[in-house]
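Trainee: Mind looking over this structure? Questions follow.
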Amino acid sequence: MQKVMCVMFLVFFCVFSAVAQKKIIHCGWDIPNPEYMKENIKLMEKAPYDGISISLEAKDTDRKSVIANRHTLWQNWRWKKEWFEESIATLKAVQFKKFTDNFLLVCTLPGKMDMFDDEAWGSVTHNIGLMAEIAKECKIKGLIFDPEFYQGKLFEFVPDKGHSFLEYKQMSRKRGAQSMDAMTNKYPDMTLLTFFMLGASMKNLDMDHLEQSLQESSYGLFPAFVNGMLDAMPSSFTLIDGGEEAYQASCDKDFLQIYWNLKSDALKLVAPENKNKYSSQVQVGFGLWVDPYIAFMHDPKNNYRPFRSFKNLIAPNGMNQLNFLSKNLRSALKYSDKYVWDWCEYGRWWPIKLEDWRMKRCLKTPMKGALWEQTAPGITQAYNLARDSKLILESMKTEKKRKNLVKNSEFETVQGQRFPGWVFWQTKKSQQNGGQPVSLNQGRNQSKCVELKKVSYGSMIGYVDVMPGDVFYVEAWSKGDGISVKVSWKDVQKRKLPDNMVENIQLQTDHPADWNKAMGVVIVPDNAKQLSLSLSTKNPTKRVFFDDVKIYKLNDIK
């Protein structure tokens, strides 16, 4: 029960962590090398990211052929730092401003060695340590690790190699510890973001017959490798399960379930002596694959093989694909501990040249390898909507006038009916004290406003019908103290959704004697059909007024 309560607290904490403090990292086929970044960093930083993955390369003496990169690290070939001197110097010269959290990308390629090959693993751990050393020297946040097998099945148990499964597990754990030591000896306080870790390892396991299931799994030795990393991980190190399984997530519930799996269920694969370290030091991130969202925008029936199992990423009725992407990105940010990363293959954020085989695959999709803003106009805005409402508030100043969805925004009396479009609520004690709403000609522009006269605890409440994924700008003016402006939600049956979905609309100033504006942007959560706007006061010491309330639906991203 204590573990369950701990995990529930972590879920609660991550939900209320400020989305604006979370980070989005870009990964994909268009990741740059240092040379490209140095020449194009101003263009690149227009993309809606906090950081990127970087492909570090070593070239031969004539600078024509790449002799070492992320695709050649995991083999019996010991790299030399001098091979990378030019890339290191170039990376140091890149003038990052917006991209604050950057990572070097490493993969288990070619990954064809055996766990018991000491010489090969000596080379691999040396190379990993070298990448960590370069990351530290270049002031890079750390490494992104892709453990997926593309060639050799590094973490698969093969029974005819002369060792038992138990012996292979023990050796895999040793290799994990050696890999961690190699990194922390060079960069003790680095961050290692893995595309996936124990959560993905559990996906196809029979937990009731765990050992047998691991023996038959293509990644059956990976949990032991992770435990080895945990064995050697110092308290200064940050390890992130990047949650690649979130590629399939399409609602808040999906992201919460993945978070729960990684924080709680994954403990079943953690050795008893590492459980406390796992719970306290391993963070949860989420990965989003952008391509299916855009492919289905062009053709909802798209049947290109990579997209066949992603039909759940077709937006529900009433929402377009970019709004759906924005909604799911915001959910990922909301529930992650810090990082969300995306993966892009068939579109590019900048005009970097792709290898011929990649471009041929791009041409089979609706995106055809084009720049994202060309094939999906508005995608940058979709990211910004998900993460930073301030950017949207700034755009409100220049965009065309929208329809105010608030009924009776200035609290007029219409045909003898007081405050049509609004519901007044107050506590019984406040009612006994004579609390009531009063219409006055004392608004901020000498117009009508409402005073909550003698109300010790009460609210004016207005409603707007909504759809999940809708994006709204909310604004209200107030004067007095003890004031709050909040948005809550109701489902199709008018039942209130949980309190942890309530959004506080922040006051921009706090001068009780003057008019103060509250404003913010909200995105409608899953299952919500009605927005409830509450203009409230509690235990005021001064007179309380509200005026000039606005709710605008922001234009659909197109």
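The values are calculated or read from the model by the stated rules, or taken from the named source; none is laboratory data. Keep in mind that this is a model prediction, so the values were computed, not measured. As a convention, Cβ positions derive from the backbone with ideal geometry for all residues, glycine included, and neighbour counts pool all protein chains shown.
Trainee: Counting just the residues of the range 165-190 that are among the aromatic types (Phe, Trp, Tyr) and out of contact with any strand residue (DSSP E or B) (no Cβ under 8 Å at 6 or more places or on another chain), which one comes out surrounded by the fewest Cβ atoms within 10 Å (Cβ to Cβ)?
Mentor: Here is the first cut: in the range 165-190, the ones among the aromatic types (Phe, Trp, Tyr) are 165, 168, 187.
Subsequent filtering for residues that are out of contact with any strand residue (DSSP E or B) (no Cβ under 8 Å at 6 or more places or on another chain) retains 165, 168.
Values: Phe165: 16, Tyr168: 24.
Filtering first and then ranking leaves Phe165.
Trainee: Being hydrophobic (A, V, I, L, M, F, W, C) and modelled with pLDDT of 95 or more is the filter here; which residues of the range 424-442 pass it?
Mentor: Taking the range 424-442 and keeping what is hydrophobic (A, V, I, L, M, F, W, C), we get 424-425, 438, 440.
If the condition is that a residue be hydrophobic (A, V, I, L, M, F, W, C) and modelled with pLDDT of 95 or more, then Phe424, Trp425 are the ones that fit.
Trainee: Only one of these conditions is not met by Asp491: (1) closer than 23 Å to Lys407 by Cβ; (2) in contact (Cβ under 8 Å) with a residue 60 or more places away in the chain. Which number is it?
Mentor: Every listed condition holds for Asp491 apart from (2).
Trainee: Taking the range 109-133 as the search range and keeping residues that are surrounded by 22 or more Cβ atoms within 10 Å (Cβ to Cβ) and of a type in the set (Val, Ile, Thr), which one is nearest to the chain's Cα centre (by Cα)?
Mentor: Ile128
Residue by residue, here is whether (1) in contact with a helix residue (DSSP H, G or I) (Cβ under 8 Å, 6 or more places away or on another chain); (2) surrounded by 14 or more Cβ atoms within 10 Å (Cβ to Cβ); (3) acidic (Asp, Glu) holds:
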| position | (1), (2), (3) |
| --- | --- |
| Glu410 | no, yes, yes |
| Val414 | no, no, no |
| Ser439 | no, yes, no |
| Lys479 | no, yes, no |
| Val485 | no, yes, no |
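Trainee: Answer yes or no as to whether Leu193 is on the phi < 0 side of the Ramachandran plot, surrounded by 21 or more Cβ atoms within 10 Å (Cβ to Cβ) and modelled with pLDDT under 95. Steps first, please.
Mentor: On the way: on the phi < 0 side of the Ramachandran plot: yes; surrounded by 21 or more Cβ atoms within 10 Å (Cβ to Cβ): yes; modelled with pLDDT under 95: no.
Taking the combined requirement at face value, the residue does not satisfy it.
Trainee: Looking for something among the aromatic types (Phe, Trp, Tyr) and either in a helix (DSSP H, G or I) or at pLDDT below 95 (or both) - is there at least one such residue anywhere in the range 168-178? I'd like the intermediate steps shown before the answer.
Mentor: Looking only at the range 168-178, we keep the residues that are among the aromatic types (Phe, Trp, Tyr), and these are 168.
Going one step further and asking which of them are either in a helix (DSSP H, G or I) or at pLDDT below 95 (or both), we end up with 168.
Checked the range 168-178: at least one residue is among the aromatic types (Phe, Trp, Tyr) and either in a helix (DSSP H, G or I) or at pLDDT below 95 (or both).
Trainee: Quick one: how many residues across the range 160-182 are within 14 Å of Asp117 (Cβ to Cβ), hydroxyl-bearing (Ser, Thr, Tyr) and out of contact with any helix residue (DSSP H, G or I) (no Cβ under 6 Å at 6 or more places or on another chain)?
Mentor: Number of matching residues: 1.
Trainee: Regarding the range 208-227, can at least one residue be identified that is touching a Gly at 6+ places or on another chain (Cβ under 6 Å), touching a residue at least 60 places away in the same chain (Cβ under 8 Å) and either buried (at least 18 other Cβ atoms within 10 Å of the Cβ) or under 21 Å from Phe145 (Cα atoms) (or both)?
Mentor: yes
Trainee: Would you be able to say whether some residue in the range 243-258 is surrounded by fewer than 17 Cβ atoms within 10 Å (Cβ to Cβ), in a helix (DSSP H, G or I) and touching a helix residue (DSSP H, G or I) at 6+ places or on another chain (Cβ under 7 Å)?
Mentor: For the range 243-258, residues surrounded by fewer than 17 Cβ atoms within 10 Å (Cβ to Cβ), in a helix (DSSP H, G or I) and touching a helix residue (DSSP H, G or I) at 6+ places or on another chain (Cβ under 7 Å): present.
Trainee: Could I ask something else about it? Restricting to the range 195-241, name every residue that is among the polar types (S, T, N, Q), touching an Asp or Glu at 6+ places or on another chain (Cβ under 7 Å) and part of a helix (DSSP H, G or I). First the steps, then the outcome.
Mentor: First, pick out the residues of the range 195-241 that are among the polar types (S, T, N, Q): 201, 204, 212-213, 215, 217-218, 227, 235-236, 238.
When the remaining residues are screened for being touching an Asp or Glu at 6+ places or on another chain (Cβ under 7 Å), the result is 213, 218, 236.
Ser213, the sole residue that qualifies.
Trainee: Still on this structure, I have one more. Out of (1) more than 17 Å from the chain's Cα centre (by Cα); (2) surrounded by 17 or more Cβ atoms within 10 Å (Cβ to Cβ), what's the single condition that is false for Trp289?
Mentor: It is condition (1) that Trp289 fails.
Trainee: Scanning the range 511-549 for residues that are in a strand (DSSP E or B) and basic (Lys, Arg), which turns out nearest to Thr427 (Cα to Cα)?
Mentor: It comes out as Lys538.
Trainee: For the range 1-77, list the strands (runs of 3 or more DSSP E) that sit wholly inside it and hold at least 2 residues that are at pLDDT below 95 and within 23 Å of Arg358 (Cβ to Cβ); which are they? So that I can check it myself, show each step before the final result.
Mentor: Values: elements: 23-28, 51-54, 66-68.
Output list reads 66-68.
Trainee: While we're looking at this one, here's another question. Which members of the range 511-556 meet the condition of being surrounded by fewer than 16 Cβ atoms within 10 Å (Cβ to Cβ), polar (S, T, N, Q) and within 32 Å of the chain's Cα centre (by Cα)?
Mentor: The answer is Asn555, and nothing else.
Here's the yes/no breakdown for (1) outside the structural domain of Asn102 (by TED's automatic domain parsing); (2) more than 27 Å from Ser309 (Cα to Cα):
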residue	(1), (2)
Thr184	no, yes
Phe196	no, no
Asp231	no, yes
Cys251	yes, no
Phe255	yes, no
Pro272	yes, yes
Lys275	yes, yes
Gln281	yes, yes
